[in-house]
Amino acid sequence: MLNRKVPEVIFKTRVRDESIGGDNPYKWEEKTSSDYFSNKKVVLFSLPGAFTPTCSTYQLPDFENLFSDFNAVGVEAIYCMSVNDAFVMNAWGKQQNIKNIDLIPDGSGEFTRKIGMLVNKDNLGFGMRSWRYAAVVNDGTIEAWFEEPGFNDNHGEDPYGESSPQNVLKNI
């Protein structure tokens, strides 16, 4: 994965637009990989699913809490990606009170498939999801890669440690 460009895909996102009014002032907006990754140094982490235990208890909140530490070492943005739709990702971010992390919906799993991390999680009733990983991406190029061990369809466990924010931060 090192020195490889991130895949170029289009993400279907929902963004707040106060001109819409009402209880749900959001509109569809397409964002590209270039929008997220060009001309900046970022950390991308991907996980099996929004609202799942490890993701909600440790990984997302810990990245949120360590955001300023990442900024101090030159990381301009942190992105959390999951094979979930924009509605789910927005609701999860709101429920988790996320202010510093951008949540990227990879609803069809296209980015995840193209980067080689799409796995079947039918054993949990999830369908196709992302294997847990993190990467440091500089101007669209992967500079560091942190993949959980045991990459496999229907893995019986959910390993977590390599892609933790603490491990990524100490290896930047």
Open item on the list: All but one of (1) surrounded by fewer than 20 Cβ atoms within 10 Å (Cβ to Cβ); (2) of a type in the set (A, V, I, L, M); (3) within 11 Å of the chain's Cα centre (by Cα) hold for residue 104; state the number of the condition that does not hold.
Closed with: (1)
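Any idea how many residues of segment 113-172 are of a type in the set (Val, Ile, Thr), crowded, with 18+ Cβ neighbours inside 10 Å and under 23 Å from residue 42 (Cα atoms)? Show your work before the answer.
Residues of segment 113-172 that are of a type in the set (Val, Ile, Thr), as a first pass: 115, 119, 136-137, 141-142, 168, 172.
Then keep just the ones that are crowded, with 18+ Cβ neighbours inside 10 Å; that gives 115, 119, 136-137, 142, 168.
After this cut, where a residue has to be under 23 Å from residue 42 (Cα atoms) as well, the list is 115, 136-137, 142, 168.
Going through segment 113-172 one residue at a time, the tally reaches 5.
Matching residues to (1) in contact with a strand residue (DSSP E or B) (Cβ under 9 Å, 6 or more places away or on another chain); (2) modelled with pLDDT of 95 or more; (3) crowded, with 20+ Cβ neighbours inside 10 Å; (4) not in a helix (DSSP H, G or I):
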residue: 30; (1), (2), (3), (4): yes, yes, no, yes
residue: 36; (1), (2), (3), (4): yes, yes, yes, no
residue: 43; (1), (2), (3), (4): yes, yes, yes, yes
residue: 80; (1), (2), (3), (4): yes, yes, yes, yes
residue: 93; (1), (2), (3), (4): yes, yes, no, no
- [ ] Determine the pairs where a residue that is without any contact (Cβ under 8 Å) to a residue 12 or more places away in the chain, located within segment 139-151, has a partner that is in a loop (DSSP other than H, G, I, E, B) with Cβ atoms under 6 Å apart, the partner being 6 or more residues away or on another chain.
- [x] 150/159
Open item on the list: Looking at 22, 74, can you tell me which residue is at positive phi, in a loop (DSSP other than H, G, I, E, B) and in contact with a strand residue (DSSP E or B) (Cβ under 7 Å, 6 or more places away or on another chain)?
Closed with: 74
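The values are calculated or read from the model by the stated rules, or taken from the named source; none is laboratory data. Only a predicted model underlies this, so the values are computations on that prediction, with no experimental measurement involved. Every residue, glycine among them, receives a Cβ derived from its backbone with ideal geometry; neighbour counts consider all protein chains shown.
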